[in-house]
Amino acid sequence: MGRKLLADPHLPRKLKEGRPQDVLPCIYCYTCISAIYIQEHARCAVNPETCFESLRPAPPAAATRKRVVVVGGGPGGMEAARRLDRAGHEVVLLERGDQLGGTLRFAALAYAANERLLDWLARQVEASHVEVRLGTVATPELLRSLSADAVVVATGARRSMPPIPGSDLPHVFSGDDLRRLVLGESSEALEKKTGWTTRLATKIGAATGMTANLDFVRRATHQWMPLGKRIAIVGGELVGLELAEFLSERGRTVGVVDDVPRLGAGLTIVRRMRLIEELEEHGVTLRAGASDIRIEAECVRFTDAAGQGAAILADHVIVAKGASGDLALAEQLRAASFAVHVVGDCRGVSYIEGAMRSAAEVAAAI
Ligand code: SF4
């Protein structure tokens, strides 16, 4: 119960009131516990007020009710919308895709504990007064027609393929490609790289709503995935390592290679210790400090940390690198004279903790 109470100190009261669905869930990310190891102030990734109660008191109800448009239905956008609604503002949440969740959906697939937060945020938004518009692209014209007093941009990171020799080969997927593939989404680049059976299965999954059900996808991918037996992942930060775990649990022989000296950036120290140990137990090859990484038809070649030539054999290669902040929309909207606030990964990749904290800061500032 320790961590559950850090995530939501109001848990006992909510249960007593018969509202278990409102309990903000712990996602077992170990941010709180890791703080002890590095002598930082204790904190909770999903609840920015925990341990900062006097520094971040609950904001009073808004003195002026504003019309706020939140752009992006990922965790940062949903949390900002929920908080702004609670503060008394009139909120419209725009999401380009056909469902809420953003990258948290794939994060929930790779690490099931994240799904609790996804479900909680979706439930809270649904139970609020927030007007959700799916399949809607934010443009200055639309925001003007919505009479937005303030705009919160929460559109996430930019993901570009890093300049790795061979990254344009047909058996190479970006992290985004893989997310789309598994979650039943489509893109032109993906259509070129997949066979008709995969495209058909993806379309059936999307049309029937099966791929929207993460538990179904989690179970189904144990039986079938359009990926070969041997997978090389280029990129050993949080996303690459959680992907390695997801794939190795599905019977793939996985190797991870990166040029950084230490794998696991973005993971808290305790989660990193556990995950690296689990990956090694699953037989995942982990190679940090590599140089001269290049992708070939059947392998990823590199020079290892000891200066020796090495290779990871691969039927498919996933490049899980290249995410960075993306302020393009925010700047476009500022140039069009909107009062713009920015939340989550578009400020720079900061994962769930950054999304939840920046959403709280922005909601308090509006
Ligand atoms: S920091 Fe993570 S593990 Fe700790 S209580 Fe919060 S959600 Fe749970």
Residues that are in a loop (DSSP other than H, G, I, E, B) and surrounded by 19 or more Cβ atoms within 10 Å (Cβ to Cβ), drawn from the stretch 118-156: 130, 138, 148, 154, 155, 156
All positions within the stretch 6-24 that are hydrophobic (A, V, I, L, M, F, W, C) and part of a helix (DSSP H, G or I): 6, 7, 11, 15
Yes/no for residue 5 being modelled with pLDDT of 90 or more, over 21 Å from the mean Cα position of the chain (by Cα) and hydrophobic (A, V, I, L, M, F, W, C): yes
Evaluation of residue 101 against (1) at positive phi; (2) outside the structural domain of residue 346 (by TED's automatic domain parsing) (one fails), failing number: (2)
Residue that is nearest to the ligand (Cβ to nearest atom), among those in the stretch 27-62 that are among the hydroxyl-bearing types (Ser, Thr, Tyr) and assigned to a helix (DSSP H, G or I): 31
Unique residue being within 16 Å of the ligand (Cβ to nearest atom) and of a type in the set (Asp, Glu) when the list is 361, 353, 298, 281: 353
Any hit, the stretch 256-268, residues being in the same structural domain as residue 236 (by TED's automatic domain parsing) and assigned to a strand (DSSP E or B): yes
Top-ranked residue of the stretch 244-267 - restricted to ones that are among the small types (Gly, Ala, Ser) and modelled with pLDDT of 90 or more, ranked as surrounded by the most Cβ atoms within 10 Å (Cβ to Cβ): 244
Filter result (over 29 Å from residue 225 (Cβ atoms) and in contact with a helix residue (DSSP H, G or I) (Cβ under 6 Å, 6 or more places away or on another chain)) within the stretch 295-325: 325
The lone exception for residue 291 - which of (1) in contact with an Asp or Glu (Cβ under 7 Å, 6 or more places away or on another chain); (2) over 22 Å from residue 165 (Cβ atoms); (3) surrounded by fewer than 15 Cβ atoms within 10 Å (Cβ to Cβ); (4) not charged (D, E, K, R) it fails: (2)
Residue 270 being under 22 Å from the mean Cα position of the chain (by Cα) and surrounded by fewer than 19 Cβ atoms within 10 Å (Cβ to Cβ): yes
Verdict on residue 12 being outside the structural domain of residue 119 (by TED's automatic domain parsing) and more than 8 Å from the ligand (Cβ to nearest atom): yes
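Let's see how each residue does on (1) more than 29 Å from residue 31 (Cβ to Cβ); (2) β-branched (Val, Ile, Thr); (3) more than 16 Å from the ligand (Cβ to nearest atom); (4) at pLDDT 95 or above:
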{"residue": "228", "(1), (2), (3), (4)": "yes, no, yes, no"}
{"residue": "242", "(1), (2), (3), (4)": "no, no, no, no"}
{"residue": "311", "(1), (2), (3), (4)": "yes, no, yes, yes"}
{"residue": "314", "(1), (2), (3), (4)": "yes, no, yes, yes"}
Strands (runs of 3 or more DSSP E) contained entirely in the stretch 283-352, each with at least 1 residues that are in contact with a strand residue (DSSP E or B) (Cβ under 8 Å, 6 or more places away or on another chain) and within 13 Å of residue 233 (Cα to Cα): 285-287, 291-295, 299-303, 309-313, 316-319
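The values are calculated or read from the model by the stated rules, or taken from the named source; none is laboratory data. As the structure is a prediction and not an experimental result, all values here were calculated from the model. Ideal geometry is used to build each Cβ from the backbone, glycine not excepted, and the neighbour counts take in all protein chains shown.
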